Amino acid sequence: MLVKTFGSAVYGIQAITITVEVNIASGTKYFIVGLPDVAVKESYFRIESALKNCGFRMPRQQVVVNMAPADIKKEGSSYDLTIATGVLAASGQIEPETLDKFIIMGELSLDGSLQPIKGALPIAIQARKDGFKGFILPKQNAREAAIVNDLEVYGVESIKDVVGFFNGTSELKPEIVNTREEFYDSLCNYDSDFSEVKGQENIKRALEIAAAGGHNVILIGPPGAGKTMLARRLPSILPPLSLYESLETTKIHSVAGKLAAADALVTIRPFRSPHHTISDVALVGGGSNPAPGEISLAHNGVLFLDELPEFKRSALEVMRQPLEERRVTISRAKFTVDYPSSFMLVASMNPCPCGYYNHPEKECICPPGMVQKYLSKISGPLLDRIDLHVEVTPVNFSELSSDRPAEKSELIRERVIRAREIQVERFGNRPDLHANAQMSPQMVRDQCKINAAGQTLLKKAMEKLGLSARAYDRILKVSRTIADLSGSEEIKLEHLAEAIHFRSLDREGWAG
């Protein structure tokens, strides 16, 4: 008897429906074809044990499983339940009439219980697009799949539940998630706040500018000055995620298997902080079975690289293209996948190996030339892509012990939102642009016009600091953001001067 069940394969953050055909005929062997990987081939042993332990039988005949289309590689153990359901239906243990109305996915344990899968959200989106009535999957993934409307999502704990459902001997309740309610209830629900940071007003100002224009920023200062503390609070002043951004971010985290069972949506901006020993592939994505890297997991949020010079140079260099294009393309011989990677890069570093170069009180003990050697670990092209270079100085005791309340993230966020609204209006005919940092060189020339006095100031700054053409564009973008924060249509001299001030690493004092 021939039976068809349906599963799904995830490529990038998109899913493709897979038809699993199971045919039982005379013979004794088990065959699985259709470009399966090792994990799919191993499914026979998991399925056999699961069926026996749940009181069902594995046919002692020839079982042929074909996974179509055959030119797409099938990876992972999440097809166990799809194949097992097909085997049960082909051997007469399940009524096959309604099988074609459901996508079925799940990894089987030997006792018949189900383990969670990756990519439940993109699979659910594709299932609805392809006209399926429902999606049967492990209980742990039910909430993330249930945010897709007009699709019945059934979370199951065991293969027994699936058999009972198709045979009509037991009922399954569909998982219900009110997407909008879930989204708005936990929006901007951050654990940390800028009001917890004492002093550092100039750094807060720099991060406010960065948030308002989507600019990349590097914080340079001695150990204990508060670089990490400030960076961790940056997401709390960014504009709230839109529902579209939330769904897009959730898809990436779903594909990477990073969503907890209790989560349906990612409702706060991601903050990713990989260790400096990270490999190139872990940072940008890829691998033999391509998966999203840290830069994609930080999509619509913040990627924080602490102690930037300690990262491998090769890992930093592969970030250069995604920083510009806001997506990363992983190419293999037979396929290519795209992952979005529109993130704000926040980096921090000590000014020198001992950490006390340019310190107001402590003396640097590094030998001559060491500061320049330390800074040269970061390439010029990468530094050019970072708009704001901010010096962080230690907080003195009087500020640290002050009872004066600091400004809350909520108030800063309101100013940032107002500035972003100005930018959305400015780029109204370009829905792919959301912030000043994303402007092309042509748009910079159109939108960042400066008067003669501004031209003179910028010319002197460029000659003195030896800035590149890319740095010139960065200064204009940042000054445009500062003008937006102040509600000014024109870029004034003070806006330009403040933007030039945030190019610390280009100044002569950092020549070592």
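Some observations on this one:
- Entries in 74/334; 4/101; 251/312; 173/251; 29/334; 204/408 that, when Cα-Cα distance is taken, lie over 20 Å: 251/312; 173/251; 29/334
- Estimated dipole of the chain in Debye, rounded to 20 [Cβ of Lys and Arg +1, of Asp and Glu -1, Cα centre]: 1040
- Heavy atoms of residue 139: accessible area, 1.4 Å probe, square angstrom to 10: 100
- Most to least packed among 454-461, 361-368 [average Cβ atoms within 10 Å]: 454-461, 361-368
- In the complete set of protein chains, residue-level accessible area for residue 462 is approximately 40 Å², probe 1.4 angstrom.
- Here the chain has an Rg and Dmax of 27.5, 89 Å, counting Cα atoms alone.
- Gain in span if fully extended, residue 489 to residue 424, counting 0.36 nm per residue against the direct Cα distance: 22.0 nm
- Carbon and sulfur %, accessible surface of segment 244-400 computed with the full protein complex present, 1.4 Å: 52
- Relative counts (whole %) of C-alpha pair distances in segment 1-107, using bins that are 10 Å wide: 15, 53, 28, 3, 0
- Using a Förster distance of 30 Å, the FRET efficiency for residue 327-residue 468 (Cβ separation, nearest 0.05): 0.80
- For a straight C-alpha distance cut-off of 14 angstrom, the aspartates and glutamates reachable from residue 449 (same-chain residues fewer than eight places away being disregarded) are 473, 484, 489, 490.
- Translational diffusion coefficient of segment 246-386 (Stokes-Einstein, Kirkwood radius from Cα pairs, 25 °C, 0.890 mPa s): 148 µm²/s.
- For the chain, accessible area per residue (1.4 Å probe, heavy atoms of protein chains only), Å²: 44
- Within the accessible area of segment 74-218 (1.4 Å probe), percent carbon and sulfur: 41
- Highest-first arrangement of 223-233, 488-498, 264-274, where packing means the average Cβ count within 10 Å: 264-274, 223-233, 488-498
- When all alpha carbon pairs of segment 261-317 are counted in 10 Å bins from zero, the resulting P(r) reads 22, 47, 26, 5 %.
- Computed over protein heavy atoms with a 1.4 angstrom probe, the accessible surface ordering of 385, 320, largest first, is 320, 385.
The values are calculated or read from the model by the stated rules, or taken from the named source; none is laboratory data. Keep in mind the model is a prediction, meaning the values are calculated, not measured. Glycine gets a Cβ as well: all are built from the backbone with ideal geometry, and neighbour counts include every protein chain shown. In case anyone asks, the SASA skips ligands and DNA or RNA and just uses the protein heavy atoms, side chains included. Shrake-Rupley method; radii C 1.70, N 1.55, O 1.52, S 1.80 Å.
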